[in-house]
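*Asks:* Take this structure first; my questions come after.
The values are calculated or read from the model by the stated rules, or taken from the named source; none is laboratory data. Note that this is a predicted model, so its numbers are computed, not measured. No Cβ is skipped: glycine too gets one built from the backbone with ideal geometry, and neighbour counts run over all protein chains shown.
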Amino acid sequence: MKIKTKLRLGFGFLFIIVLSFGLIALFFLNELSDKSKIILKDNYKSLKYVSTMRKIIDENTFPLSIKAAQVFEQNLRNEGTNLTENGEKMAFQKLENTYKALKSSATGIKENSIKNLRSALQNIEAVNMKAIYDKNEMANAAAASANLYISIAAVLSFLILFTFIVNFPGFVANPLAEFSSAIKQISRKNYKQRLHFKNHDEFTELADAFNGMVVKLNEWENSNLSKIKSEKSRIEAIIAQMQDAIIGLNEKGEILFLNHLAAQLMDLNAEKIIGQNAAELIKKNELLKRIINPETADNTLKIYADEKESYFLLEHREIIIPNYEDQDEKTLKSSVRSAGSVFVLKNITQFKELDEAKTNFIATVSHELKTPLSSIKMSLKLLNDERVGSMNEEQVQLLMHIKEDSDRLLKITSELLDLSQVETGNLKLTLALTKPEDIVQYAVDAVMFQAEQKLIKFEINCNKNLAQVNADIQKTAWVLVNFLSNALRYSSEKSKIVIDVFQKDKSIQFSVKDYGKGIEEKYQKRLFERYFQVPTDGQNKSGSGLGLAISKDFIEAEAGKIWVISAIGEGSKFCFSLPVVD
């Protein structure tokens, strides 16, 4: 029999039991309701009529007034149409005859007639009260009988339903429990587990499919185990032969693997530390601590290796794999989870040496170029002196171009020297308490001649009561001069440049705002990179691409920050901030 048929029969049986109990209860409740209605309906009306007529007799004297007589006769007629009990008709006729006699009698017999009238009303009331009592007893008996039969039906229904509830779920729950137990065995890689059902239902078909799946899983496990071991050995061989030092941790923080070069650098025995907790090992090994728990954001490590100082670049990668664990109903987990971490030390000693050689070469060449360039500038100055001799207009123009190019070369040479100082760590700052307005005035004086040539005005917003900063006034002013020079280069004639200096939180913020064409957003992130130049339209001469990079090094060396805000068509605003001195 199919499971669907079993369920239908089971729930159909439940429906019949519940329906039967409901019909029995409904039958007895209707019977009880009918008997209760009999008590409250006719007898209550009769008592009401009698009470009204007695009240008229008690509150009035005969002969009755027209209004009182009308009310009495109306209730008398109503009682005459509501004769429902044995003996009530005879009592009513007596009441009616007594009232008629009282209404037509002489004065001498009124007292006796009123007494008879009261007696007739009392008889009607007694008949109805007795009827109410009898009917109440009948209703109570019916209620007791209904309670008995309903209780019997309820007990029988409860016993049947309880037996059904206890036994019927086993048709579905027992096979499911066997399936659950078998699946748990499969999760533990017990592929010998089998299920056998003989009910010829869906569970039997599912058990056959499950047994077939287990056979396939067993075959797959046996066929792939050797392949997995082979792949593991190959990966371990590749890691061991790599030229970079590699350390692997599992999700518990235990050493999973490390190659020969990593073990040699950290002076560790690879075979002994595999499986040990890294948190315990870093207490005894300082280099391992610097690799796993670096104290700074600098990924370059200087390590003494091969009898010399070597440089390594640390790379950390977290291994993310799909999450196949059981999901908790109350907690929503991510679909992936961490399987551990891999730390790679790349030997960059060769590149570091090349970079140092490049820096030394630039410093040497720049220093050597600075002397002849200074001599060229002196010679140009002498040529411009009319005491040496006068020149025609073309010669003056040529000398002007030579002067501009020599100034540009001298600026590039100075920037290269500053860059070499930064890269070699020889940047020297002469820090002193400085007023922000002094820095601004120093920079404005340096570029005032260029601004006057293009008829550009400076709008300076600087409060003289600002807090002081601890800075190298010359290098800080150089940064501001660089900002102003760029603003003058890209500003049109007869425009203005706004210089704002104000305190924000615990820092002094300097900004230079021009109203040129602005810088595209895609270039803004690279403005402070070395040798990067924003593409120009050919109208403005570009520099070496070092000015802003050196400015960034100067400001950050003074514990400050530097940034740019720009939009096409709205100009550019270059800013830097320095911490105030308490």
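*Asks:* If you take the residues in the stretch 450-473 that are assigned to a strand (DSSP E or B) and of a type in the set (D, E, K, R), which one is farthest from Gly516 (Cα to Cα)?
*Replies:* Selected residue: Glu459.
*Asks:* Now, a different point. Do we have Lys216 as farther than 30 Å from Phe21 by Cβ and either at pLDDT 75 or above or part of a helix (DSSP H, G or I) (or both) here?
*Replies:* Spelling it out, Lys216 is indeed farther than 30 Å from Phe21 by Cβ and either at pLDDT 75 or above or part of a helix (DSSP H, G or I) (or both).
*Asks:* Among the residues of the stretch 488-503 satisfying the criterion of being aliphatic (A, V, I, L, M) and part of a strand (DSSP E or B), which is surrounded by the most Cβ atoms within 10 Å (Cβ to Cβ)?
*Replies:* Ile497
*Asks:* Here's another thing I want to ask about it. Just to check your reading of the model, which residue among Ile228, Ile235, Ile291, Ile274 is at pLDDT 80 or above and either buried (at least 17 other Cβ atoms within 10 Å of the Cβ) or out of contact with any strand residue (DSSP E or B) (no Cβ under 7 Å at 6 or more places or on another chain) (or both)?
*Replies:* Of the residues listed, the single one that is at pLDDT 80 or above and either buried (at least 17 other Cβ atoms within 10 Å of the Cβ) or out of contact with any strand residue (DSSP E or B) (no Cβ under 7 Å at 6 or more places or on another chain) (or both) is Ile291.
*Asks:* Taking only the stretch 253-286 into account, find how many residues are touching a residue at least 60 places away in the same chain (Cβ under 8 Å) and in a loop (DSSP other than H, G, I, E, B).
*Replies:* 0
*Asks:* Oh, and also: Tally up the residues in the stretch 546-567 that are assigned to a strand (DSSP E or B) and of a type in the set (S, T, N, Q), please.
*Replies:* 1
*Asks:* Just to be sure I understand, how many residues within the stretch 58-107 are crowded, with 17+ Cβ neighbours inside 10 Å and of a type in the set (Lys, Arg)?
*Replies:* 1
*Asks:* Scan the stretch 202-222 residue by residue and report those that are among the aromatic types (Phe, Trp, Tyr) and either exposed (fewer than 12 other Cβ atoms within 10 Å of the Cβ) or in contact with a Pro (Cβ under 9 Å, 6 or more places away or on another chain) (or both).
*Replies:* Phe203, Trp220
*Asks:* Further question: Take the residues of the stretch 21-63 that are β-branched (Val, Ile, Thr) and modelled with pLDDT of 70 or more: which is farthest from Glu73 (Cα to Cα)?
*Replies:* Ile24
*Asks:* With respect to Thr296, determine if the residue is under 14 Å from Val344 (Cα atoms) and loosely packed, with under 13 Cβ neighbours inside 10 Å.
*Replies:* no
*Asks:* Would you be able to tell me the number of residues in the stretch 318-344 that are of a type in the set (D, E, K, R), modelled with pLDDT under 75 and within 30 Å of Ile246 (Cα to Cα)?
*Replies:* Total satisfying the criteria: 1.
*Asks:* Let me ask something additional. Pull out all pairs, ordered by first then second residue, where Cβ-Cβ is under 6 Å, the residues are six or more apart or on different chains, the first lies in the stretch 219-245 and is within 25 Å of Lys346 (Cβ to Cβ), and the second is surrounded by fewer than 11 Cβ atoms within 10 Å (Cβ to Cβ) and at pLDDT 70 or above.
*Replies:* Hits for this filter: zero, empty list.
*Asks:* Let me ask something else. Report, by residue number, each residue of the stretch 64-109 that is part of a helix (DSSP H, G or I), among the polar types (S, T, N, Q) and modelled with pLDDT under 75.
*Replies:* Ser104, Thr107
*Asks:* Something else about it: Just checking, which of Lys358, Lys381, Lys370 is at pLDDT 65 or above and either among the basic types (Lys, Arg) or not in a helix (DSSP H, G or I) (or both)?
*Replies:* None of the others qualify; the one that does is Lys381.
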